[in-house]
Amino acid sequence: MKRGLVLEGGGLRGLFSAGIMDVLMEAGVHFDGVVGVSSGACFGCNYKSHQPGRVLRYNLRYAHNLRYCSLWSWLTTGGIFGPRFAYYDLPLRLDPFDISTFDRDPMEFHLVTTDVDTGAAVYHRFDHFTEDMLEWILASSSMPIVSRIVTIGGQRLLDGGIADSIPLRYFQEQGFERNLVILTQPADYQKQPLGHLPIIRRALRHVPALLSAWEHRHEMYNAQLRYIAEQQDAGNCLILCPEHTLPVGRISHNRSHMRAAYTLGRTLALSQLPRIKAFLTDSPIL
């Protein structure tokens, strides 16, 4: 039975997911694969490279660095998260990603992007590190309007959460029968229709398929919430999510809020660790 880890995005709300993952790594919990969307891809790759603590460390260190995340970065590079600094300089030089460990671990690493010209989800799998993996992670994390379109192999790509925010069904289609799903919103959350539509429609009028997918994202997302709830009731997945709205949003420069979101994830994972292990080992759930 293949066991998977499914990570939604949410920008720096993903620090909650990082707290959970760090506890699981420290406890030696193994998955056969991980699939991440947006920040879920940015942070989830660290599970395969066995680097607990790395996500929190670099986010705290560069919280106020204009090259990492800022209006200045958006105006000068086209990305509110600096494409070169955040996705290349940081993992390759400033806080090195452990490529050799990533390559040795047999875990599959999957990520999700959205095709700008069709509005459809595009999935990519990496068993070993290649430099274009960084470009795919950048694409998965590139929010419309505040990021430039990323072109890979002729495909124009942006944030995977537009087309497939919680890719449990995709992972099941890849043969993962038992999945831990980490959400970054509370259990009672329902996504609302997109606000500021006139502005967004004007900004994205040249990419109508992407605009349509984004306009209907709340319908897709809420349907996915219903699906994962059904799958949990059927014993096919286990959902972990915050009890309340997290103290950090998609973008934040507040280190205290970052630590708080991360700590909430750790606390939940520690309290649920016996249940998680039982679920993944097919033992009776405590």
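What the phi angles of region 54-65 give under the Karplus curve with 6.51, -1.76 and 1.60, with θ = phi - 60°, is a coupling list of 5, 4, 5, 4, 6, 5, 5, 5, 9, 4, 10, 7 Hz, glycine and proline written as x. Taking the DSSP bridge list for the chain and keeping only pairs wholly inside it, about 40 percent are antiparallel.
Normalised Debye scattering of the chain at q = 0.10, 0.11, 0.13 Å⁻¹ gives log10 I(q)/I(0) of -0.48, -0.59, -0.84, counting only Cα atoms as equal scatterers and leaving out solvent.
Placing unit charges on each Cβ (+1 for Lys and Arg, -1 for Asp and Glu) gives the chain a dipole about its Cα centre, and among Leu264, Gly235, Thr118 the Cα reaching farthest toward its positive end belongs to Leu264. The mean of 1/r over all pairs of different alpha-carbon atoms in region 112-210, once inverted, gives a Kirkwood hydrodynamic radius of 15.1 Å. When the Cα positions of Phe279, Met25, Tyr58 are compared along the charge dipole of the chain, Tyr58 comes out farthest toward the positive end, with charges on each C-beta of Lys, Arg, Asp and Glu.
Under a 5 Å amide H cut-off, with hydrogens placed 1.01 Å from N, Lys191 pairs with Asn222 among residues at least 5 apart or on other chains. Based on C-alpha pairs under 8 angstrom that are at least 6 apart in sequence, the chain has a relative contact order of 27 percent. Placing unit charges on the Cβ atoms only, positive for Lys and Arg and negative for Asp and Glu, gives region 137-187 a dipole magnitude near 140 debye about its Cα centre. Peptide packing for 9-18, 56-65, 137-146, 179-188 was compared via the average number of neighbouring C-beta atoms within 10 Å per residue; ordered from the highest value, the list is 9-18, 137-146, 179-188, 56-65.
Rounded to the nearest 20 debye, the dipole size of the chain about its Cα centre is 880 debye, using +1 on the Cβ of Lys and Arg and -1 on the Cβ of Asp and Glu. Element breakdown for the chain at a 1.4 angstrom probe: carbon and sulfur atoms account for 54% of the accessible area. Relative contact order of region 1-101: 24 percent, from C-alpha pairs under 8 Å at least 6 residues apart in sequence. Each Lys and Arg Cβ is given +1 and each Asp and Glu Cβ -1; about its Cα centre, region 12-61 then shows a dipole of about 240 debye. For the chain, the residue among Leu134, Gly40, Leu12 whose Cα projects farthest onto the positive side of the dipole built from Cβ charges is Leu12.
Ordering of 117-128, 93-104, 43-54 by packing is 43-54, 117-128, 93-104, highest average first (other Cβ atoms within 10 Å, averaged per residue).
The values are calculated or read from the model by the stated rules, or taken from the named source; none is laboratory data. Small disclaimer: the values here were computed from a predicted structure and weren't measured. We place every Cβ from the backbone using ideal geometry, glycine too, and count neighbours over all the protein chains shown. Side chains are part of the model used for accessible areas, which takes the heavy atoms of the whole protein and leaves out ligands, DNA and RNA. Shrake-Rupley method; radii C 1.70, N 1.55, O 1.52, S 1.80 Å.
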